[in-house]
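Everything on this sheet refers to the single structure shown next.
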Amino acid sequence: MVQGIAAGPWSVVPALLAITLAWHTRDALVGLFVGIATAGVLLGALHPQAVGVPPDLVTAGGELGEIGPQEDGDPWPIGVGGVVLGAVFGLKLVPEIMATAPIFGPWYVENVLLAIFAIGGLIGLMIRAGAIEGVLQALSARVDSAADAEKAAFLAGIAIHIDDYFNCLVVGSMMRPLTDAYDVSRAKLAYYVDSAGSPAARLAFYSTWGAAMVGFMGGGLVQAYEQGILPAGMTDVVDTGGSEVTAATGAVWPLFFNTLFTGFYSWIALAIAALVAWQVVPNIGEMGTEESRARAGGGVLGEDADPMISEEMDEYETYEGATPDWRNFAIPILTMIVVGLSAMFWRSSPVVYVDGKEGTTLLALWGWELVAPASGPWAFNIGGVRLGIASFTALVLAFFLYRWKGDIPSNDEATDALLVGFKGILLAAVILTFASSIQNAVTLLGISSFVTNVFGGLPAWVIPVGVFAVTSFVSFADGSSWSTYGIMFPIAIPLAFATGANLPLVLGAVFSGGIFGDHASPISDTTVLASSTSGSDHMVHIRTQIPYALVTAAISAALFLVFGLLLPEGFRIIPY
């Protein structure tokens, strides 16, 4: 098992190298693979003993410094020979870094990898059965221009916001035929899909994000309690009655609701995307080039584009005997939504536990549980969308529906359609796997401890904008808002208490910085999904979207700076 180390500034090198190479080579896979290999080299070079370098060779070549500690508490000495051999031996860690990446955890396998292939297969069936063509015909009756197609793409993203993965997987596939028909570039569609994914899901407190964010915040509050800096008036947010201190999640929800107002990045990203869709904000930079070519009939993709969808799937045609019908699209998608949410609501027993105490569910509705504990605070619990169950249910339903209606004439035709869909989505799955491995690598290199050292002696009014800047940097480097939240909340919450900064504003800064990475990083999972389902070249999507993301970040930073100066420590919109 790969052991984590404190690599200091070296911890950001793999991600930055991956991003830089991906940007300049226009090939995300090259950049990601080099970044992963670099992480293995660094882990070995900084800790050669752990990768099998013999002890007498670790110190060879003159002592450079110390690492460790050893079992007796003393640090390992390290020399030039140890660094060189450790770097070489470190390459053998690359398979382990990838194998232990979050993407191969049970939840990710079920709800991301398998869901990607299930939805890919579903798209193949829908194309062959005329379901996609039916949607195009139905929307065409209400859409008569490229501007209308852009508005429809944006509104579809807002409507399907229960989960960022779900949004990206469904909206791009659903809207691609429509935007193609009106010569809207694939890069523009990917921008709308990406801009209504994480930003909208973050604001939907009833979505999968709500419970997750409360959990992240609870970890930071426990950290503050253990450091002895949790304010006396907030002791109800932790439960000290058990063998260890835990967060009282029921008491954390009001604090979370305050952040809906201070999550500036999400609001601004959605507002700018809406203004772009309604043609108020112009196309910026390379987005203008992409749109001009598409409108002039030069194609929704450039000549040298490498779309994250197979050519076979992109050019796959409807069976000549099928009847195009939008309901063939709506039925599987609605089934996916209903099954996903129903699985989220399902509770196998009326007895639950609130902060370690037995309680009873009084009401379970739309994913919420109102829980009355035997003693202590009441609480709200929420599950998560089950994308794996939902997507495979929709896939099976679509298979039998299209065969029963005759829109797909044989089992062989249906199997071929599934394979086309699976192959069409394969590149996205590979890039997601590599991106998750980079996230694992920077965690092993101790990026959290490096970030902690950045915050030295800042005044209270600087804390919100400083936290936003550093969280944005970490999120951009590791490509995951959720892993960034796990790093930053235990840092930001105690920092807010220690400096007297306004807590809801600091929490909004963490949320906003995490969303920036989801929105802008080439190695972000949701950005990869937006590219793949929209059929866009991934690096073209990144280059065309990043000017909007940077404008959004600049406005957000200005707001955090201004409100950091204006809001007193005790200000809150909802009491907590």
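The values are calculated or read from the model by the stated rules, or taken from the named source; none is laboratory data. Since we're looking at a predicted model, the values are computed, not measured. In this analysis, Cβ positions are derived from the backbone assuming ideal geometry, glycine residues included, and neighbour counts consider all displayed protein chains.
Considering only residues in the range 382-398 that are under 22 Å from the mean Cα position of the chain (by Cα) and of a type in the set (A, V, I, L, M), the one that is modelled with the lowest pLDDT turns out to be 382.
Restricted to the range 14-108, the set of helices (runs of 4 or more DSSP H) holding at least 2 residues that are over 14 Å from residue 437 (Cβ atoms) and modelled with pLDDT under 75 comprises 55-58, 80-89. Note on the range 528-576: residues that are surrounded by fewer than 21 Cβ atoms within 10 Å (Cβ to Cβ), among the small types (Gly, Ala, Ser) and either under 30 Å from residue 187 (Cβ atoms) or at pLDDT 90 or above (or both) amount to 2.
For every residue, the table says whether it meets (1) buried (at least 23 other Cβ atoms within 10 Å of the Cβ); (2) at pLDDT below 75.
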| position | (1), (2) |
| --- | --- |
| 193 | yes, no |
| 216 | yes, yes |
| 220 | yes, no |
| 226 | no, no |
| 229 | no, no |
| 258 | no, no |
| 270 | no, no |
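Can you confirm whether the range 476-489 contains a residue that is assigned to a loop (DSSP other than H, G, I, E, B) and closer than 23 Å to residue 13 by Cα? Looking through the range 476-489, at least one residue is assigned to a loop (DSSP other than H, G, I, E, B) and closer than 23 Å to residue 13 by Cα. In the range 140-159, how many residues are surrounded by fewer than 20 Cβ atoms within 10 Å (Cβ to Cβ) and either modelled with pLDDT under 80 or among the charged types (D, E, K, R) (or both)? Counting residues in the range 140-159 that are surrounded by fewer than 20 Cβ atoms within 10 Å (Cβ to Cβ) and either modelled with pLDDT under 80 or among the charged types (D, E, K, R) (or both) gives 7. Picking from residues in the range 515-524 that are in a helix (DSSP H, G or I) and modelled with pLDDT under 90, the one that is surrounded by the fewest Cβ atoms within 10 Å (Cβ to Cβ) is 520. The number of residues in the range 280-308 that are within 25 Å of the chain's Cα centre (by Cα) and outside any loop (DSSP other than H, G, I, E, B) comes to 3. For the range 534-556, the criterion of being out of contact with any helix residue (DSSP H, G or I) (no Cβ under 8 Å at 6 or more places or on another chain) and assigned to a helix (DSSP H, G or I) is met by at least one residue.
Rundown of residues vs (1) surrounded by fewer than 17 Cβ atoms within 10 Å (Cβ to Cβ); (2) closer than 26 Å to residue 204 by Cα; (3) at pLDDT 70 or above, yes/no style:
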| position | (1), (2), (3) |
| --- | --- |
| 324 | no, no, yes |
| 329 | no, yes, yes |
| 341 | no, yes, no |
| 379 | no, yes, no |
| 400 | yes, no, yes |
| 403 | no, no, yes |
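For the range 495-513, a residue qualifies if it is surrounded by 22 or more Cβ atoms within 10 Å (Cβ to Cβ), among the small types (Gly, Ala, Ser) and part of a helix (DSSP H, G or I), and the qualifying residues are 496, 508, 509, 512, 513.
Scanning the range 275-285 for residues that are out of contact with any helix residue (DSSP H, G or I) (no Cβ under 6 Å at 6 or more places or on another chain), of a type in the set (A, V, I, L, M) and under 20 Å from residue 186 (Cβ atoms) yields a total of 1. Screening the range 478-494 for residues that are touching a helix residue (DSSP H, G or I) at 6+ places or on another chain (Cβ under 6 Å) and surrounded by fewer than 24 Cβ atoms within 10 Å (Cβ to Cβ) and picking the one that is farthest from residue 35 (Cα to Cα) gives 494.
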